[in-house]
Amino acid sequence: MDIDLNADLGEGFGPWRMGEDEALLEIVSSANVACGFHAGDPVIMDRTVRLARERAVDVGAHVGFPDLLGFGRRPMQIDVAELATYVTYQLGALAGMARSAGHRMTHMSFHGALGNMAAADAALAGPLVRAVADFDPGLVISSSASRAIEDAAERCGLRVARTFLADRACDDEGLLVPRKLPGAVIHDREAVLARVRQLLEEGTVASHGGRKIAMNVRSILVHGDTPGAVELARAVRGVVEAVGRVVPISRQLA
């Protein structure tokens, strides 16, 4: 069994650091790099990409709303055509940084509120996914379970790597539940590891409502901005390696 282990990195801004990127890059196989809209800036992007290249870690653009103050977790009402240009802008920024560092961008993912909205709304997912395809049809979309995003990607000829968010609860359809709900973010280390074991051994996860749902994934995400993230990521990697290998999405789909 080959599973990608990824994390959202480069989410500081200016002199303010978020998470322990250097330590996580020793553990993960893919990094989703903030592109300056919800977090990150050119210097942080450049540093993150270069660190990833040195460790043979894949990099992808982590695309979000233009919302530094809210960390991209607040829904915003923006014209869809305008929002599609924001997607293109962020993809271009990360691709340029990767190229100048001698690395390449292999994938992208939608961050926070933008990702949650697109995952639940086919009318929004379609134009945003089309923007990805128009920019680079070879990119892989890394996404939690979403019929809207997966269908849009199929229409555009894009590949999707379904991703399991180890510390986030989902509903009966596999969509992430809002962070404001109790239990939406899972802080207990053993509970997170138990979810990962169930996923790998049974191909199922327990929904927020307690229902067991099937989930076939290529990647597992651990958040880098939470306390104990490095230790948790290392433990998750251990669970994966007990039954298979940690392999980036680009090599799985090669």
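Every number in this text was worked out from the coordinates using simple rules, so none of it is lab data. None of these values were measured; they are calculated from a predicted model. Every residue, glycine as well, gets a Cβ built from its backbone with ideal geometry; the counts of neighbours run over all protein chains shown.
Arrange Thr226, Thr48, Thr88, Thr106 by Cβ neighbour counts within 10 Å, fewest through most, would you? Please list the in-between numbers first.
Numbers: Thr226 12, Thr48 26, Thr88 15, Thr106 21.
With the sparsest Cβ surroundings first, the list reads Thr226, Thr88, Thr106, Thr48.
Sort region 2-252 into rounded, prolate or oblate with this rule: let a ≥ b ≥ c be the square roots of the eigenvalues of the Cα gyration tensor; rounded if a/c is under 1.5, and if a/c is not under 1.5, prolate when a/b is larger than b/c, oblate otherwise.
In terms of gyration-tensor shape, rounded.
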* Structure fact -> Taking the dipole of the chain about the Cα centre (Lys, Arg +1; Asp, Glu -1; charges at Cβ), the one of Ile3, Val33, Ala184 that reaches farthest to the positive side is Ile3
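Give me Arg53, Arg74 ranked fewest to most by other Cβ atoms within 10 Å of their Cβ, as a rough exposure proxy. Spell out each step's value before the answer.
Numbers: Arg53 16, Arg74 12.
The fewest-first ordering by Cβ neighbours comes to Arg74, Arg53.
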* Asked: For the residue pair Ala81 and Ala206, what label-to-label distance in nm results when each label sits 7 Å from Cα along the Cα-to-beta-carbon direction?
  -> 4.8
* Asked: Using a simple charge model, +1 on the beta-carbon of Lys and Arg, -1 on the beta-carbon of Asp and Glu, nothing else, what dipole does region 2-252 show about its Cα centre, in debye to the nearest 20?
  -> 240
* Shape call, region 171-254: gyration tensor on alpha carbons, a/c limit 1.5 -> oblate
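Under DSSP H, which helices of the chain have Cα atoms covering 15 Å or more of the helix axis and a Kyte-Doolittle average no less than 0.5? List each step's numbers first, then the result.
Details: long enough: 42-54 (18 Å, -0.18); 80-100 (30 Å, 0.65); 122-135 (20 Å, 1.27); 189-202 (19 Å, -0.29); 229-243 (22 Å, 1.04).
Within the chain the helices that satisfy the rule are 80-100, 122-135, 229-243.
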* Out of Cys170, Gln252, Ala233, whose Cα points farthest toward the positive end of the dipole of region 165-254 (charges: +1 Lys, Arg; -1 Asp, Glu; placed on Cβ)? -> Gln252
* Listed residues Met45, Met117, Met97, most fluctuating in the chain (Gaussian network, C-alpha, under 10 Å) -> Met117
